[in-house]
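The structure appears below as structure tokens.
The values are calculated or read from the model by the stated rules, or taken from the named source; none is laboratory data. As the structure is a computational prediction, the values presented were derived from the model and not from experiment. Virtual Cβ from ideal backbone geometry, glycine too; neighbours counted across all protein chains shown. The accessibility values were calculated without ligands, DNA or RNA, using every heavy atom of the protein model including side chains. Shrake-Rupley method; radii C 1.70, N 1.55, O 1.52, S 1.80 Å.
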Protein chains: 2
Amino acid sequence: MLNDADAELSRRLIERGIANRDATPAYLQELRGNYKGLGHTVALPADTAQVSDIIRLCAEKRVGVIPYGGGTGLVAGQVAPEGPVPLILSLEKMSAIRAVRAEEGTLDAEAGATIADIQRAAEAAGLLFPLSYGAQESARIGGALAVNSGGINVLRYGMTRDLCLGLEAVLPSGEILHGLKRLRKDNTGYDLRHLLIGSEGTLGVITAAALRLVARPARLATAFLAVEDPAAALTLLSLFRDQAAESISSFELLSGQSYAFLGATCPEVRLPFETAPEWSVLVELGTGPSLDPEAVLAETFEAALERGLVHDGRIAQSGQQRADFWQVREMIPEANRRIGAIASHDIALPLSEVAGYIAEATPALRALLPCRINVFGHLGDGNLHFNVFPPSGEGRDAYRHRTAEVTRLVHDMCVARGGTFSAEHGIGRAKAADLQRYGDPAKLAAMRAIKAALDPLGIMNPGAVLLTG
Amino acid sequence: MLNDADAELSRRLIERGIANRDATPAYLQELRGNYKGLGHTVALPADTAQVSDIIRLCAEKRVGVIPYGGGTGLVAGQVAPEGPVPLILSLEKMSAIRAVRAEEGTLDAEAGATIADIQRAAEAAGLLFPLSYGAQESARIGGALAVNSGGINVLRYGMTRDLCLGLEAVLPSGEILHGLKRLRKDNTGYDLRHLLIGSEGTLGVITAAALRLVARPARLATAFLAVEDPAAALTLLSLFRDQAAESISSFELLSGQSYAFLGATCPEVRLPFETAPEWSVLVELGTGPSLDPEAVLAETFEAALERGLVHDGRIAQSGQQRADFWQVREMIPEANRRIGAIASHDIALPLSEVAGYIAEATPALRALLPCRINVFGHLGDGNLHFNVFPPSGEGRDAYRHRTAEVTRLVHDMCVARGGTFSAEHGIGRAKAADLQRYGDPAKLAAMRAIKAALDPLGIMNPGAVLLTG
């Protein structure tokens with residue numbers, strides 16, 4: 001059993017020269033407002049040795065530790081609403097970019113560096129750090145690695161884990177894992193890097209990472225294409241793959257509901273179509289200077305028109321128009337917030353199951369309750385944000401009591417088709433019961449064995465990922 | 001302490017309807033002839049349930065299990081020369097390709113399917129399974145995943161782990177891990193897939209995998225380019241990246257010694273240059289049908305000539321010539337075997353350290369002993385096969401006693417530059433002492449804790465990866 005973080009712990013931090021402050025509300029809330037965290041002290045280590053000190057101190061005093069990055073996580077991995085009061089360990093002061101090596105396409109960043117800072121450092125070196133999503137100005141790389149976040153470029157460049165060559169971390173014992181390698185190939189024992197990535201702070205604290213940078217596509221081509229339905233969108237994706245192989249950077253789905261919400265709540269967003277299509281995709285191709293992505297996009301558009309896959313489209317004619325197109329996609333979560341969801345979901349399906357799932361789940365939800373459904377997301381990855389809203393003119397409060405029921409339906413139908421109830425957001429505390437429900441028993445048993453082996457006192461992010469007690 | 005596999009164990013296998021046979025010499029040797037394995041019984045399960053039965057039986061009887069794939073591993077992971085006699089568990093009868101889904105670019109293969117079988121199944125579906133290396137006709141996917149093998153397409157498509165979406169495996173408890181997912185994104189707890197991949201059969205037996213297929217490049221362009229030195233080769237790689245981004249499929253280094261060995265031992269191989277250059281690269285670009293890789297290759301060749309990076313080159317003019325070019329690369333290991341190495345190495349370095357390493361290690365080795373050095377490999381990945389041979393006219397037997405000393409020098413200098421002593425072959429038994437020597441102490445401690453947690457009896461591939469006793 002763990003103890004509360006107390007004033008004595010704060011004194012000990014000060015004794016050891018570790019900065020700390022009272023936990024302001026910012027550290028105790030999460031974006032969606034569904035959880036309120038416990039905690040009164042935030043430790044602010046200046047370096048990896050101090051992180052190790054903090055972990056050893058918490059082990060000695062049997063106090064839980066919540067690693068805290070940018071606070072942008074969507075599954076309450078960074079806030080503990082119940083249980084003994086934890087120490088919050090914020091990596092915000094460890095935000096240095098220790099090295100950028102343009103000639104080898106790598107960069108070393110401390111855990112507290114924001115995604116946007118890393119993007120800018122890569123850009124200054126003429127390269128691209130392709131991790132990209134709405135929260136990138138606040139989200140920190142340590143948190144992004146802890147949850148293995150996704151975003152709009154996964155189709156081409158992979159998840160956060162795929163961009164990480166090496167990790168430095170403090171294990172629950174306080175030992176420092178010196179794994180800041182920058183090797184493309186390194187088959188030397190169990191891959192602790194991949195084990196720590198996605199473990200959401202329950203097996204240790206990531207303190208720094210060696211990251212992979214890629215060539216910045218010299219030429220981009222971006223378009224909105226209106227399609228008949230999600231099945232047609234997936235056939236269109238195959239057509240693009242045949243034509244452009246790995247030059248496809250993004251392939252995002254938007255529903256008619258996405259446009260309707262944007263129109264109603266974000267008048268500053270320029271919508272690409274006069275009449276919003278029921279289904280559409282935002283596609284982007286990027287190539288080196290010697291190849292012509294606009295020609296490929298135009299040819300594929302034409303071929304898709306002929307085959308009846310696409311019935312309308314807009315190809316961006318300038319950098320400004322490209323930015324406008326992306327703003328449409330990126331403002332959808334904000335529009336959703338302004339409408340107010342009954343339930344939000346982050347599901348993924350095998351590509352061949354996506355269209356069938358949407359066709360099945362939509363009427364099933366409508367039979368369950370009156371609602372509006374905004375389906376959008378990273379279709380190229382099979383990842384949908386399948387979010388459910390009250391009918392027009394009604395607020396979500398009247399439907400709050402239906403949230404669990406809605407989520408159960410969305411997740412059950414997804415898992416039945418070989419899908420997942422958490423594609424890119426992780427488990428945190430919000431989905432720990434789902435993991436217990438849907439997880440493979442052998443996997444859960446192995447996870448518990450690993451957790452007990454590496455963190456026998458259970459101090460690391462207690463209550464996240466694995467249900468306790 | 002483990003017991004020997006005995007006649008009683010074989011009887012129990014038969015009772016349970018599990019096929020088995022006497023261990024022929026083929027199961028007890030490895031390609032380089034440095035290790036001779038113990039074992040008299042080979043179990044041949046027909047399905048995953050039988051694998052589970054075998055593991056439970058061995059746990060009950062405290063008998064070690066060696067999972068056996070194609071037998072092509074180069075680090076003695078598949079042969080145990082000492083210790084209690086293990087049971088050999090060959091996956092060769094589980095070789096089905098359970099499903100190919102062209103529309104979503106996935107394939108499910110049982111562990112015993114060979115890499116080449118999987119390549120052919122992908123090709124029949126109009127797609128590419130990009131894992132490719134010399135042993136692909138014999139190597140089986142279960143073994144390839146167990147060691148996380150590499151090959152000639154890693155630069156573009158990643159290692160074996162990067163091609164695996166999901167795993168089915170039997171854990172040391174006998175429990176079946178049902179993880180044959182085919183999702184691009186799935187953040188639901190610790191990534192046991194990545195933990196099992198590369199664990200070389202010490203944490204369980206992989207029985208099947210869901211694999212990622214990619215678009216088959218419609219157009220290829222392939223060239224041999226002669227460069228001044230490895231540093232020029234790496235600058236050339238940057239130039240190609242700027243021009244062609246992810247269209248670069250391969251970027252292989254060959255030394256003058258590579259050509260000399262081929263000329264001396266493999267007269268059937270057509271060499272691309274009349275006079276072998278001291279250093280050269282084999283580069284291949286692949287694109288969709290709408291892009292022109294030959295034009296990019298020709299332009300980049302010209303730009304590199306102007307900048308003095310390249311002084312000669314041959315662009316393949318036909319499919320036959322492309323095949324001839326690749327035969328040059330692929331026959332180097334065979335030429336090396338015919339010459340007979342004192343010591344072979346599979347090292348990787350950060351890209352910016354590669355040239356300095358070669359410049360430093362070469363004279364250091366020559367100062368240590370008279371020798372010829374054949375440096376070749378996957379330069380785009382920083383992965384070199386840095387192999388050391390006796391002087392011309394001498395056999396390796398006279399130098400066998402120097403092997404350990406040579407390897408120590410090669411590995412010490414590599415690790416000092418942030419490199420690894422095992423890039424794509426793994427640890428097995430051949431490098432277990434190296435792992436103990438060079439491994440990060442926190443990493444080794446965590447590995448031992450995980451091994452003890454998941455395999456408390458120590459029955460899975462005992463003696464591989466982690467030194468015992």
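Antiparallel versus total DSSP beta bridges in the range A:33-161: what percent is that, nearest 5?
40 percent
The dipole here belongs to the range B:329-469: it is taken about the Cα centre, uses +1 on the Cβ of Lys and Arg and -1 on the Cβ of Asp and Glu, and is about 300 debye. Rounded to the nearest 20, the Cβ-based charge dipole of the range A:1-70 about its Cα centre (Lys and Arg +1, Asp and Glu -1) stands at 100 debye. Averaged over its residues, the range B:302-346 has an accessible area of 49 Å² per residue, based on protein heavy atoms and a 1.4 Å probe. Summarised in one figure, the compactness ratio Rg/Rh of the range B:345-418, Cα atoms and Kirkwood Rh, is 0.97.
Counting only DSSP beta bridges with both residues in the protein assembly as shown, what percent are antiparallel, rounded to the nearest 5?
Roughly 85 percent of the DSSP beta bridges within the protein assembly as shown come out antiparallel.
Placing +1 on the Cβ of every Lys and Arg and -1 on the Cβ of every Asp and Glu, with no other charges, gives the protein assembly as shown a dipole of roughly 1960 debye about its Cα centre.
May I ask you to derive the FRET efficiency for B:E82 and B:A264 from their Cβ-Cβ distance with R0 = 35 Å, giving the value to the nearest 0.05?
0.40
A loss of 30 Å² or more of accessible area (1.4 Å probe, protein heavy atoms, ligands and nucleic acids excluded) relative to the isolated chain is seen in these residues of the range A:83-110: A:E103, A:E104. Among the listed pairs A:K451/B:K61; A:K181/B:K443; A:K181/B:K431; B:K36/B:K431, those whose Cα-Cα separation exceeds 22 Å are A:K451/B:K61.
Taking GluC sites (Glu not before Pro) across the range A:374-469, the ones in a DSSP loop with at most 15 further Cβ atoms lying within 10 angstrom of their Cβ are A:E394. Counting only DSSP beta bridges with both residues in the range A:6-106, what percent are antiparallel, rounded to the nearest 5? Of all bridge pairs located within the range A:6-106, approximately 45 percent are antiparallel. For the chain pair B and A, buried accessible area totals roughly 6600 Å², probe 1.4 Å, rounded to the nearest 100. Entry comment: accessible area of the range A:6-102 is 42 Å² per residue, from protein heavy atoms only and a probe of 1.4 Å.
Excluding the site residues themselves, the longest part of chain A lacking any trypsin sites (Lys or Arg not before Pro) in a DSSP loop with at most 15 other Cβ atoms within 10 Å is A:94-269. By the combined test of axial Cα extent (at least 18 Å) and Kyte-Doolittle hydropathy (mean at least 0.0), the qualifying DSSP H helices of chain A come to A:48-61, A:230-244, A:293-306, A:351-368, A:403-416, A:441-454. Projected onto its three principal axes, the C-alpha set of chain A covers 71, 56, 43 Å, listed from the longest axis down.
Between copies, the label points of A:M1, set 7 Å from Cα on the Cα→Cβ line, lie 4.4 nm apart, reported in increasing order to one decimal in nanometres. Think of the range B:302-452 as a dipole: +1 on every Lys or Arg Cβ, -1 on every Asp or Glu Cβ, centred on the Cα centre; then among B:P441, B:C371, B:P350, B:P441 lies furthest on the positive end.
Tell me, what % of the accessible area of the protein assembly as shown is carbon and sulfur with a 1.4 angstrom probe? Exposed carbon and sulfur together represent 50 percent of the surface. Run through the range A:133-190 and list the GluC sites (Glu not before Pro) located in a DSSP loop whose Cβ has at most 14 other Cβ atoms within 10 Å. Filter output for the range A:133-190: A:E137.
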